[in-house]
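Take a look at the structure set out below.
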Amino acid sequence: MKHSHYHKKHVSGAPLHELEARFGPAQGDASDAALSEALKLATAYRGDDLRRPVALDVAETLRLLGVDRETLVATLLLDAYMHGRLSEAGMRERFGASVAGLVRSVHWMLTFKEETPGAAAGPEQAERLRRLLLAVVEDVRAVLIKLAYRVQRLRLMAREPDEEAKAYARETLEVFAPLAHRLGIGQLKWEMEDLSFRILEPDEYRRVAKLLEESRTERESYILDFTGRLESALSAEGIDAKVLGRPKHIHSIWRKMQRKQLDFEELYDLRAVRVIVDRISTCYTVLGVVHGLWPHIPQEFDDYIANPKDNGYQSLHTAVIGPKAKVVEVQIRTQEMDDFAELGVAAHWRYKEGGREDLAMARAIGSLRRLLDNREDDEVLMDSFRSELFQDRVFVLTPRGDVVDLPKGSTPLDFAYAIHTEVGHRCRGAKVDGRIVPLTYTLRSGQRIEVLTTRQGGPSRDWINPSMGYLRTSRARAKARSWFKLQDHDRNLAEGRGIVERECQRMGVSQPDLDALARRFHHSNREDFLVAVGSGDISPAQLAAALQPVAPAVESLVSTRRRKRAPKPARGDQSEIHIRGVGNLLTQIARCCRPVPGDPIIGFITRGKGVSIHRRDCVNILRMPAEKRVRLVEVGWGAEPRAYPVDVRIEAFDRQGLLRDVTGVMANDHINVLSATTRTDRTDQTVTMELTLEVEGSAQLSALMDKLGALPNVTSVRRIAT
């Protein structure tokens, strides 16, 4: 019943034939050939740094856990890859893409922290780092190799601990031991904790170890007698059970002594046994037998089968007063519960408990547990947890190495605001892994971000426009909007007036009713409304969608007569028009104004062509004679989004690649171009493009015009009527 299974014997000095026998005799298949070649590469580099693990010793730790061949091969190749004697391309060619990917992921995890000493601090940062390690790797086995590498390094550091070793041990207790627990690697977890405790608190470690050693012989003899009596009683009841003693771990004992303020002799679970049976019902039968043999301590009974712990752990716990009046803790569980407790315990996430992350982690842990059991085909098994973790989050690093957790799709500007509000306000550029990127760049997990700032200045109004793609998180946009709110009232008023004028020009609205717009956005007067637009509370897209419904009203007479059913319209877009009071009339979009969903519309009953659909501010409707107004009907857009044609004019100064950039914006937004004409005036080098596009509504059109207007050399983008 030793408290830890330390493997003090190193295999790195063994000859090759002994290593081949240890890691698996060659049988002639491809996996054994790869393992043999990896062993040769590993033995070629023994290393001269006594505090740096050798790949052979790390692989031995993993071999004792029963990992698969690919994991062993990847581990054995680490030294050759890290010291430049094996390229990634060569590794992929000789050992396959899966092994190469494993080595690449492990190499990243082994090197990124060494570049940023002292980066992790506090439980929140440690949690982010654990998530980062799990999010950046495509294969969870890479984390397993990383944990084994850390165990081996702790073994070496524990010989002569110094300040570096203490920092390493503290990080292990904060980050990697909980990570091992989360993945269910109990043996590595206990050893990391005990070794870290030995480095950080050598006197306390020796004191608890001495107390355990002094009582070990007596304790083992006592437990042997206790389990013998219990096995006999269970056999007499016809119960087939496995009864065994539980190993003790120095760090867990010391932690319990500190937490409960108990002396060593007062701990109930120094003497502990575990009973494993086949069915849940048998667990309760065994409990009755145990309580029948010895008196139990009521306050020490816990039923984690009926009431599982938050992490899914199940078992019956009880403490009884055994022979010689000594307390013994007894755990009773099924084999499945024991497998889960030993190899699959995953603590629930601090955030989003029970959500998608929990399910993804559960799948990863289940796959890892099966991998360690080595019962399934490895290639099929790996598919169950590749790229499943944290699909809606990214984890990136600051230059110091601190981990920042952001929603998926975040940009460097979102990162800057997550660091500090002022950093976000003054951000003018960013480097990702040392390379300058646009502020609209989409971040990926594991990247290192450096924000480039100016001493003075504030955010751009384009940042708070969602269609421009600068800020993806609502929190960052709120911070940018707050900055504009705090600025001068007159400045916001002027900015708002300019934005309204620009949107009116773009959307082809000549005389908007500002008072009606103010009421729509719940402002008491037009000035407050313009200030809200200027400060960013009302976005250009919202403004574009609201501008046209408040255009001058058109008097309409609604026909209530039921007409004959018209033939089914030939055009798909016509079926999306709802005509109030009249059913199934043929409709067509008027060519003079070409309304799109979101535009206020009115219908005009034509002679022989059904109902023509116009914008309410269409010049033909506004100038319509009184005798024809009786043929106007109220209409509305259908619920389903469809594509509608709209004409747009772009004016710009000519430059190389202008047309490519314009079409690229529309391709990225999946906008279909029905027709395009381009005219270049050589006298002043100006370009006029007239495009007929298919859009789903005015909001999409406004966002598209924002992006087109942001292109270099573009001076004007507006909607036109034909």
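The values are calculated or read from the model by the stated rules, or taken from the named source; none is laboratory data. Keep in mind that what you see is a predicted model, and the values were worked out from it rather than measured. In this analysis, Cβ positions are derived from the backbone assuming ideal geometry, glycine residues included, and neighbour counts consider all displayed protein chains.
Could you run through region 195-208 and say how many residues are within 19 Å of Arg271 (Cα to Cα) and either buried (at least 17 other Cβ atoms within 10 Å of the Cβ) or touching a His at 6+ places or on another chain (Cβ under 6 Å) (or both)? Can you show your working first?
Our first condition is that a residue be within 19 Å of Arg271 (Cα to Cα); within region 195-208, this holds for 207-208.
Among the residues that remain, those that are also either buried (at least 17 other Cβ atoms within 10 Å of the Cβ) or touching a His at 6+ places or on another chain (Cβ under 6 Å) (or both) are: 208.
Residues in region 195-208 being within 19 Å of Arg271 (Cα to Cα) and either buried (at least 17 other Cβ atoms within 10 Å of the Cβ) or touching a His at 6+ places or on another chain (Cβ under 6 Å) (or both): 1 in total.
Could you please let me know if Asp684 is surrounded by 12 or more Cβ atoms within 10 Å (Cβ to Cβ), more than 25 Å from Ile613 (Cβ to Cβ) and over 32 Å from the mean Cα position of the chain (by Cα)?
Values: surrounded by 12 or more Cβ atoms within 10 Å (Cβ to Cβ): no; more than 25 Å from Ile613 (Cβ to Cβ): yes; over 32 Å from the mean Cα position of the chain (by Cα): yes.
The answer is no for Asp684.
Considering region 533-542 alone, what residues qualify as being part of a helix (DSSP H, G or I) and surrounded by fewer than 22 Cβ atoms within 10 Å (Cβ to Cβ)? Before the answer, list the steps.
So in region 533-542, the residues part of a helix (DSSP H, G or I) come out as 533-535, 540-542.
Selection gives Ala541, Gln542.
Can you tell me which residue among Glu495, Glu503 is more than 28 Å from the chain's Cα centre (by Cα) and touching a residue at least 60 places away in the same chain (Cβ under 8 Å)? Spell out the reasoning first.
Numbers: Glu495 fails: touching a residue at least 60 places away in the same chain (Cβ under 8 Å).
Of the residues listed, the single one that is more than 28 Å from the chain's Cα centre (by Cα) and touching a residue at least 60 places away in the same chain (Cβ under 8 Å) is Glu503.
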Qualifying position, being at pLDDT 85 or above, among the small types (Gly, Ala, Ser) and either in contact with a Gly (Cβ under 8 Å, 6 or more places away or on another chain) or farther than 28 Å from Gly709 by Cα (or both), among Ala430, Ala416: Ala416
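Test Thr663 against the stated conditions and say whether it is over 27 Å from Trp463 (Cβ atoms) and not assigned by TED's automatic domain parsing to the domain that holds Met468.
Numbers: over 27 Å from Trp463 (Cβ atoms): no; not assigned by TED's automatic domain parsing to the domain that holds Met468: yes.
So Thr663 fails the test.
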Filtered residue count, region 648-677, keeping only those that are within 18 Å of Met507 (Cβ to Cβ), of a type outside the set (A, V, I, L, M, F, W, C) and touching a Leu at 6+ places or on another chain (Cβ under 7 Å): 1
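Picking from Ala551, Ala544, which residue would you name as being under 21 Å from Arg502 (Cβ atoms) and modelled with pLDDT under 75?
On the way: Ala544 fails: modelled with pLDDT under 75.
On inspection, the qualifying residue turns out to be Ala551.
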Within region 612-625, can one find any residue that is of a type in the set (D, E, K, R) and outside the structural domain of Leu586 (by TED's automatic domain parsing)? no
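Confirm whether Lys189 is basic (Lys, Arg), assigned by TED's automatic domain parsing to the domain that holds Val99 and without any contact (Cβ under 8 Å) to a residue 40 or more places away in the chain.
Values: basic (Lys, Arg): yes; assigned by TED's automatic domain parsing to the domain that holds Val99: yes; without any contact (Cβ under 8 Å) to a residue 40 or more places away in the chain: yes.
Taking the combined requirement at face value, the residue satisfies it.
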Please work out which residue is farthest from the chain's Cα centre (by Cα), limiting yourself to region 200-245 and to residues that are among the basic types (Lys, Arg) and part of a helix (DSSP H, G or I). Arg229
Residues that are surrounded by 18 or more Cβ atoms within 10 Å (Cβ to Cβ) and outside the structural domain of Arg526 (by TED's automatic domain parsing): which strands (runs of 3 or more DSSP E) entirely in region 414-510 hold 2 or more of them? 427-432, 449-453
